[in-house]
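Read through the structure below, which is laid out as structure tokens, and then see the notes.
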Amino acid sequence: MRRASLATGLLLLAVAWIIVLPFGGRESFTIHMIVHMSVVAGAAPLLAVGLSGSRHDLTVRWPWFTPVIASLVELLAVWGWHLPAARVMAEASWIVTALEQATFLAAGLLLWLSCLGGAQEGREARQLAGTFGLLFTSMHMTLLGALLSLSPRPLYGIENVTCFGVTLGAAVDQQAGGVVMLLVGAVVYLLGGVLLLSSVLGPREHSGGRL
């Protein structure tokens with residue numbers, strides 16, 4: 001299970017970074033958001049499942065790095081890289097793009113690891129905190145996706161772009177990217193929070209049997 005999850009996460013990263021980003025239309029905000037969601041809401045949780053509890057799980061050695069702190073780091077990473085000036089730099093340079101994508105992966109992986117991994121001692125309390133961390137992340141992604149979708153003007157340029165070979169106006173491209181964030185990011189983090197909460201509140205094994 002862990003190996004399959006790890007392999008699937010790495011495969012998803014390869015598809016997003018090697019195929020979709022360079023060939024789908026790097027200047028398209030929709031392509032950017034598809035790659036972004038593939039990294040933080042697709043690959044990151046899969047990699048976290050594969051790495052949780054292993055020697056590569058940094059949260060085992062960082063007990064202070066709680067899900068709440070991780071969710072704030074994720075917020076700064078996501079909102080920071082979606083400032084118009086940051087988007088301009090990322091679109092103009094592959095080096096900045098690589099830094100952007102590395103930031104997304106690191107922030108997303110640490111958030112999911114802080115919720116799913118960590119030391120065995122205090123795991124239940126950590127998972128409960130993880131519920132709030134994931135729900136908070138879902139909320140701020142919902143807000144950002146809504147702002148991008150409903151903005152009366154394009155924030156990232158006015159030129160037409162190509163998305164998977166289809167020409168889109170700047171406003172439509174931005175709105176489509178915002179919808180991707182709403183449909184994928186917000187939903188995945190909300191679902192993750194609900195499932196984590198259900199695992200905490202579910203029945204526990206005891207020496208005398210299952211309650």
Among the numbered conditions (1) touching a His at 6+ places or on another chain (Cβ under 8 Å); (2) buried (at least 16 other Cβ atoms within 10 Å of the Cβ), tell me where Leu72 comes up short. (1)
Given the structure, is Gln127 more than 29 Å from Ile69 (Cβ to Cβ), assigned to a helix (DSSP H, G or I) and either open to solvent by 30 Å² or more (accessible area, probe 1.4 Å) or out of contact with any His (no Cβ under 7 Å at 6 or more places or on another chain) (or both)? no
What do you reckon, is Phe65 crowded, with 17+ Cβ neighbours inside 10 Å and touching a strand residue (DSSP E or B) at 6+ places or on another chain (Cβ under 9 Å)? no
Could you please find all residues in the stretch 80-99 being under 16 Å from Ala41 (Cβ atoms) and in a helix (DSSP H, G or I)? Trp81
The stretch 171-192 residues that are farther than 17 Å from Leu109 by Cα, paired with ones that are not in a helix (DSSP H, G or I) (beta carbon under 6 Å, 6 or more apart): Ala171/Pro154; Asp173/Ser28; Asp173/Val161; Gln174/Pro154
Every residue from the stretch 37-62 that is assigned to a loop (DSSP other than H, G, I, E, B) and open to solvent by less than 20 Å² (accessible area, probe 1.4 Å): Ser52, Asp57
Looking only at the stretch 7-29, filter to residues that are in contact (Cβ under 8 Å) with a residue 60 or more places away in the chain and in a helix (DSSP H, G or I); which one of those is nearest to Gly178 (Cα to Cα)? Phe29
Among (1) within 30 Å of Ala176 (Cβ to Cβ); (2) modelled with pLDDT of 90 or more, Val49 falls short only on (2)
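The values are calculated or read from the model by the stated rules, or taken from the named source; none is laboratory data. All of these numbers come straight from a predicted model, not from anything done at the bench. No Cβ is skipped: glycine too gets one built from the backbone with ideal geometry, and neighbour counts run over all protein chains shown. The accessibility values were calculated without ligands, DNA or RNA, using every heavy atom of the protein model including side chains. Shrake-Rupley method; radii C 1.70, N 1.55, O 1.52, S 1.80 Å.
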